[in-house]
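Peer 1: My questions will all concern the structure given below.
Each reported figure results from applying straightforward, stated rules to the coordinates on display, with no laboratory input. Computed from a prediction, not measured in an experiment: that's the story for all the values here. No Cβ is skipped: glycine too gets one built from the backbone with ideal geometry, and neighbour counts run over all protein chains shown.
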Amino acid sequence: MSHLIRALLLSIGLSTLVGCTSKPVENIQQSAPAASIRSDAEMQRAIVSALNKRQWLVQHVSPTEIRAEITQRGRHHAEISIPYSASQFAIEYRSSWGLDYEDGEIHRNYNRWVNNLRNSILQELQTQSLGQR
């Protein structure tokens, strides 16, 4: 009997621990800082530069959207769309493997990756703005 209880408690503990690594997928909506707003082309350059610095692979670039992907250690892969204009951009989840996506929840690393990317894009916009003064 005690072996059964131990096994049950262990399985509950492990399932709780595994559940803690999944978080709701963050789809980011971001306005550009007012001082950095210039043109769609400058926003595009800032996004592509940030993607490259963060080691995302740019798949497709159009005048209103960029698609990119990242693969980490050959085990985790995510694909995103980044619709943009001169004044704003968004980072939207497209697909993934190895990140346990299910019902709008995904491994917490995905959210860290896209938040780091957002910060890098904002930094690129700020750098562009300072360079044009």
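Peer 1: What ranking of Trp56, Trp97 emerges when the number of other C-beta atoms within 10 Å of each C-beta is taken as an exposure proxy, fewest first?
Peer 2: Trp97, Trp56
Peer 1: Fully extended, how many nm does the chain gain between Thr64 and His77 (0.36 nm per residue separation, minus their Cα-Cα distance)?
Peer 2: Contour length minus Cα-Cα distance gives 2.3 nm.
Peer 1: List Tyr84, Tyr93 from most exposed to least, where exposure is judged by having the fewest other Cβ atoms within 10 Å.
Peer 2: The most exposed by this proxy come first: Tyr93, Tyr84.
Peer 1: Alpha carbon centre of the range 44-80 versus the range 97-133: separation in Å?
Peer 2: 10 Å
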